[in-house]
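Just so it is clear, none of the values below were taken in a lab; they were calculated from the coordinates. On a predicted model such as this, the values are computed, not experimentally measured, just so you know. So basically every Cβ, Gly included, is an ideal-geometry build from the backbone, and we count neighbours across all protein chains shown.
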């Protein structure tokens, strides 16, 4: 029987999977130090897959509740020289709908739109060995990641390990997320004729108020105007009414200011702004992770809603994406059905992925997956349901 996810406090927190390495889980939030932050940043620089939502600049300011959800613990793998080789935020769960046995599940930070873990690219196989040994020592049967790109280097690395040991990989909640790449600059591929006409009408409507322009801005400790403008616009309209905007909670707004400053110190944040006569009417926050940028959130002034400022800003970003330093792609961070799908033509396949680490875990996951499939067919026999994917059907993933 699948129980509600709860923290397994009785399990030990450390394991010497390799005599040279220490695998450790500690409660999070935890006390931090400059040395810890430096080690984390160094790992982020060397990581197989860089994730802005696992950057210390993003995580540390969000330690106070309610900005962390779940029951998080920080998992680290550290070598005998004190160098971090892997890190991630997880919770220990007794069972979930994917696996009714104890396992680790990646914690999704509030306002984070991707999970995963940081893994040293040059020691990836050794990290997998240590991680597998740790789960065995702890009586854990798998690793689960919500909102994981299914074809990311991390997903492929974990899937390859499962394939080698003939263990199950289960993926649920598949959806395609809109993205835009540098190759899409200067053309409207994927934009329907109707949408293109709507964009032109919106542009003409906004130009009636004055000169219309789009710009990219950064921020610094001496100039937070782009941050404050973004917070203001994001709180207008439905987000403010629903109390879901960052500015609706003083703690969240302050945490975002600290995140912005931390990322700005390493040139990893930009704000795309749509401007009429020096008045900002729309702003999108972009977080940088090397060649990938992430559209964290967007806000616009509903006074100009007839001109579709959100659509127009997204379209202008597509046309001028090559002005972002080192950018190759922007991830929309949006759910399926977002308006960004109408103007950003590329897609990234996302999922909730479970990688089993033991035979019992593999058997239980496959059995649970089969039962859930039977239940779906019984519940809605007239509607063809997209099945979950097991290891055998992942194909391109490994």
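What's the exposure ranking of 339, 311, 145, going from fewest to most Cβ atoms within 10 Å?
Exposure proxy ranking, most exposed first: 339, 311, 145.
Mean-square fluctuation check for the chain, GNM, Cα pairs under 10 Å: which of 273, 37, 341 is largest?
Taking springs between Cα atoms under 10 Å, the residue moving most is 37.
Could you check the spin-label model distance between residue 79 and residue 27? Points 7 Å from the Cα along Cα→Cβ, value in nm.
Computed distance between label sites residue 79 and residue 27 equals 3.2 nm.
Would you kindly give the portion of the calculated P(r) for the range 190-344 that falls above 27 Å, as a percent of all Cα pairs?
Details: 2304 of 11935 pairs.
Value for the range 190-344: 19 percent of Cα pairs lie more than 27 Å apart.
With axes computed from alpha carbons, what is the tilt in degrees of helix 250-264 against the longest principal axis of the chain, rounded to the nearest 10 within 0 to 90?
With rounding to tens, the tilt is 90 degrees.
Quick check on the exposure proxy: order 294, 232 from fewest to most C-beta atoms within 10 angstrom.
232, 294
Tell me the label-point distance for the pair residue 160, residue 323, using the 7 Å Cα-to-Cβ offset, in nm and rounded to one decimal.
Between residue 160 and residue 323, the simple spin-label model gives 4.0 nm.
Have a look at 150, 371, 281 and tell me which one the Gaussian network model of the chain (Cα, springs below 10 Å) gives the largest fluctuation.
Sorting by GNM fluctuation, first place goes to 371.
Roughly what angle does helix 193-207 make with the longest principal axis of the chain, taking Cα atoms, 0 to 90 degrees, to the nearest 10?
Roughly 50 degrees between the two axes.
The range 211-229 to the range 107-139: how many Å between their Cα centroids?
Spelled out, the Cα-based centre of one part sits 36 Å from the other.
I want to verify a result. In a Gaussian network model of the chain, Cα cutoff 10 Å, which of these has the top mean-square fluctuation: 325, 72, 61?
325
Among 30, 219, which comes first, then next, by fewest other beta-carbon atoms within 10 Å?
Values: 30 11, 219 22.
Listed from fewest to most nearby Cβ atoms, that is 30, 219.
How many percent of the alpha carbon pairs in the range 278-355 exceed a separation of 17 Å?
Across the range 278-355, Cα pairs with separations above 17 Å total 50 percent.
By the gyration tensor of its Cα atoms, with a ≥ b ≥ c the square roots of the eigenvalues, what is the shape of the range 31-138: rounded for a/c under 1.5, prolate for a/b over b/c, or oblate?
Oblate, since a/c reaches 1.5 and b/c is not below a/b.
So how far apart, in nm, are the two label points at residue 211 and residue 183 if each is 7 Å from Cα heading toward Cβ?
3.7
Helix 309-319 against the longest principal axis of the chain: what's the angle in degrees, Cα atoms only, rounded to the nearest 10?
The answer is roughly 80 degrees.
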